[in-house]
Amino acid sequence: MALTHAQKEKVTKEVKRHGTDTGSPEYQIAMFTEKIKRLTAHLKKNKQDFHSRRGLLKMVAKRKKLFAYLEKTDEKSAKGLKKTLGL
């Protein structure tokens, strides 16, 4: 269920600040969004998988905290990211 390098590049190509960016809030939010999409699809098929559901809830909370931080520090970037990711 982990993302391959090519999948990560595809997801984060538009939000990276520079070529080797892996720690910016934009990058992390994009990665969490992709993981959340994949895990949501998994949970639709496997309704009884409560351990993965807990992981999903933790990821959603972490993404929400990162978005709050980004909105506080760089509101313009946060709005652009929401539009780019379709949130």
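Annotations
- Cβ pairs under 8 Å, 6+ apart, first in segment 39-57 and closer than 14 Å to Ala2 by Cα, second surrounded by 12 or more Cβ atoms within 10 Å (Cβ to Cβ) and of a type in the set (Phe, Trp, Tyr): none
- Among residues of segment 28-66, those that are in contact with a helix residue (DSSP H, G or I) (Cβ under 6 Å, 6 or more places away or on another chain) and aromatic (Phe, Trp, Tyr), counted: 1
- Residues within segment 67-83 that are surrounded by fewer than 16 Cβ atoms within 10 Å (Cβ to Cβ) and either modelled with pLDDT under 90 or aliphatic (A, V, I, L, M) (or both), tallied: 1
- Number of residues in segment 1-34 that are without any contact (Cβ under 8 Å) to a residue 12 or more places away in the chain and either surrounded by 10 or more Cβ atoms within 10 Å (Cβ to Cβ) or on the phi > 0 side of the Ramachandran plot (or both): the value is 7.
The values are calculated or read from the model by the stated rules, or taken from the named source; none is laboratory data. Just so it is clear, the structure is predicted and the values come from calculations on it, not from any experiment. All Cβ positions, even for glycine, are placed from backbone atoms using ideal geometry, and neighbour counts span all protein chains on display.
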